[in-house]
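Below is one structure, written out as C-alpha cells; the observations come after it.
Derivation of every value follows stated rules applied to the coordinates shown; laboratory data play no part. Computed from a predicted structure; not experimentally measured. Here Cβ is always computed from backbone atoms with ideal geometry, including for glycine, and neighbour counts include all displayed protein chains.
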Amino acid sequence: MLTLDLSNEPRWHDLAPGVRVQLRPLTTALMVATRSDPDVEAVPDATSDEERALIFAKALARRAVLDWEGVGDSDGKVIAPSPQAIDALLDTWPIFEAFQLVYVSKGLLLEQEKNVSAPSPTGASMGATATARPARKAAKTARRGKTSR
C-alpha cells in the first residue's frame, strides 16, 4: 500500500553527530526543478555515475535545505546556509552519504513500494531465510570433454 504524508511540512534530519538540516519535503516539483538545474543539464555524457550523483545531490540540496545546525566556517563561527556553503557541506563524504540515505533514498522508496516488496539491502538474497540444509561435502568437479548433442 502507498502511504501518503499529507503534512508537506519541512523536517529536520540528522546528517552527522551535531549536524542536522531542515529540508523541504522531497516532492515531484522539487525533483523536476532539480533535473532542470543548469549544473545538472550541463553534465557531459561521459561523466561517471558517481560525479553525476554528487552534482545532482548538490543541486537538490540547494533547493531543499532551509536551515541547519552545527555547521560553521573554518574559524568555528556559525554560518547560515548558502549555495556555496551547501555545496561545501556535501563535499564532506559522510554528510553526502547521510544526505543520500536519509533524504534522497527515502523519496525513492516509492519506486520500491509500487513493486510490493523492496529489494534486500545488499542483494537479492541478503534478507532471505535459508531453506536448504548445508552440503555434507564438496561436490565433484565436472568432467571436461565433448558433450553429446
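Brief remarks on what is shown
- Under 5 Å between amide hydrogens, built in the peptide plane, is the criterion, and for residue 67 it picks out 22 among residues at least 5 positions away or on other chains.
- Estimated dipole of segment 51-111 in Debye, rounded to 20 [Cβ of Lys and Arg +1, of Asp and Glu -1, Cα centre]: 220
- Packing-based ranking, highest mean first, of 22-29, 61-68 given that Cβ atoms within 10 Å are counted: 61-68, 22-29
- Counting only the Cα atoms, segment 11-110 fills a convex hull of 103 Å³ per residue.
- Computed label-point distance, nm, for sites residue 45 and residue 105 using a 7 Å Cα→Cβ extension: 3.2
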